[in-house]
1. Of all chymotrypsin sites (Phe, Trp or Tyr not before Pro) in segment 57-145, which ones are in loop regions per DSSP and have a Cβ with at most 11 other Cβ atoms within 10 Å?
2. Report, by chain and number, residues whose modeled amide H sits under 5 Å from the one on Phe43, excluding near sequence neighbours (fewer than 5 apart, same chain).
Amino acid sequence: MLTRLSDINRLFNAMDFFRNRLDSLYSDADWAPGLRWSVEDRFPKTNLYEDGDLFEIRAELPGIGKEDLNVKIQGNYLEISGTKKSASPEKYAIHRTERDITSFTRSFTLPADVDSEKVKATLENGILSLTLPKSEAAKPKQITIA
């Protein structure tokens, strides 16, 4: 008996609906702060791309200035860290705070070593873009057979 793909898709959609309902049930409960039924989100959210001789990482960092960021690279290990700040206006009483004031660290092991001298980093509209050229030793070489 073959199961149709649409049946499997419908099953996963029902599971997602149930998980979202449980999340919304507990999200405003004072007796269960932080209780979630889903995998916790990682901050910052990132995408990693590879284009032959280089990697590119794009990380979402809304509201974070370049002075609050620190990027380190060694071999194939990359670390992005910083401080996420939220300033409340003076003389105001705070009734709800959802934008955390926190420090964060996100680290990655890249598929190959990177030439740290040629790394380029830009922060524009809350998106950190890192261009990470592969080291010469990590680039594929064509070997001719004699």
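None of the figures in this text is laboratory data; all of them are computed from the coordinates on show. As the structure is a prediction and not an experimental result, all values here were calculated from the model. Ideal geometry is used to build each Cβ from the backbone, glycine not excepted, and the neighbour counts take in all protein chains shown.
1. Tyr92
2. Counting only residues 5 or more places away or on other chains, the set is empty.
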